[in-house]
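> Please find one structure pasted underneath; my questions will follow.
The values are calculated or read from the model by the stated rules, or taken from the named source; none is laboratory data. Predicted, not measured: the structure shown is a model, and the values here were computed from it. Note that we place each Cβ from the backbone using ideal geometry, even for glycine, and neighbour counts take in every protein chain shown.
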Amino acid sequence: MAPRRVVSVNLCTDQLAMMLAAPGQLVSISHLASDPRSSAMTEEAARYPRNHGLAEEIVLLQPDLVLAGRYGSAATTALLRRIGVPVEVFDPETSLAGIRDNVRRMGAALGRTAEAQSLVKRFDADLAALGQPPADRRRAALYYANGYTAGDGSLAGEILAAAGLANIASELGLRGGGMVSLEQLVLADPDLIIRGERYAGSSRAEDLLDHPALAALAGAAQGALADADWVCGTPHVIDAVRRLRDRAAYP
């Protein structure tokens, strides 16, 4: 039987659940779903009560299913399970194929398998509608605070590939996430540097992003891409692919 009172305590499960839940089925989502810096569904989130992932507030909602992420809510999910509340834990996505898998899994958890399959079909159709990018791929570097980047085996890496971009991190042998020094980046001489959005009140970790050497990279287009587009593995990553193609001057 499908759950009747579902609570999500994770930004990514928030968005998957909002896409698939039946009217009235989802009774609360995390407060992060309302933050436009990280959520692609802030307008939809305004319709739901929000929680801060605390076990005591979740218990008061009397859920018959709690949706959580693998990281960030371990203490809450452990306590909820101890008192008999069913919890479904989702892992972060590392591939476009994994997005399809998690959509289907969310559909099964909510008793909405037909709706999940329809969403997967729309996602695949949207990907196909993008067409094939030019064979002559421009070289791109993802560059975040502390020199963090993402290579093969990451969702960000697959999004770059879908946009028709070659990933500097992969050229450097990085798999998953890792660090690239400023010197490595300058020597790699990418055509495009992609940064995350800067939050108010910059940190020391972000000082590297203001280094004059970045601005001086000859011929490298630079710009920020909204984290909300791809911080979670949902069908909204299509928007990130489209924006990257536009940034790379692809039609």
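> Provide a single number: the residues in the stretch 56-99 that are in a helix (DSSP H, G or I), under 21 Å from the mean Cα position of the chain (by Cα) and touching a residue at least 24 places away in the same chain (Cβ under 8 Å).
Keep residues of the stretch 56-99 that are in a helix (DSSP H, G or I), which gives 56-60, 74-82, 96-99.
Pick out the ones that are also under 21 Å from the mean Cα position of the chain (by Cα) and you get 74, 96-99.
Those left that are additionally touching a residue at least 24 places away in the same chain (Cβ under 8 Å): 96, 98-99.
Total meeting the criteria: 3.
> Here's a follow-up. Kindly evaluate Ala162 against the criterion of being surrounded by fewer than 17 Cβ atoms within 10 Å (Cβ to Cβ) and not polar (S, T, N, Q).
The answer is no for Ala162.
> Now a separate question. Within the stretch 181-197, identify whether any single residue is part of a helix (DSSP H, G or I), under 19 Å from the mean Cα position of the chain (by Cα), within 28 Å of Thr13 (Cα to Cα) and at pLDDT 65 or above, and answer yes or no.
The answer is no; no qualifying residue exists.
> If only one of Leu96, Leu60, Leu65, Leu127 is touching a strand residue (DSSP E or B) at 6+ places or on another chain (Cβ under 9 Å) and at pLDDT 90 or above, which one is it?
Just one listed residue meets the conditions, Leu65.
> Tally the residues that are in a strand (DSSP E or B) and touching a residue at least 24 places away in the same chain (Cβ under 8 Å), restricting the search to the stretch 27-55.
Count: 3.
> Could you tell me how many of the residues in the stretch 100-126 are touching a residue at least 60 places away in the same chain (Cβ under 8 Å), buried (at least 19 other Cβ atoms within 10 Å of the Cβ) and part of a helix (DSSP H, G or I)?
Going through the stretch 100-126 one residue at a time, the tally reaches 9.
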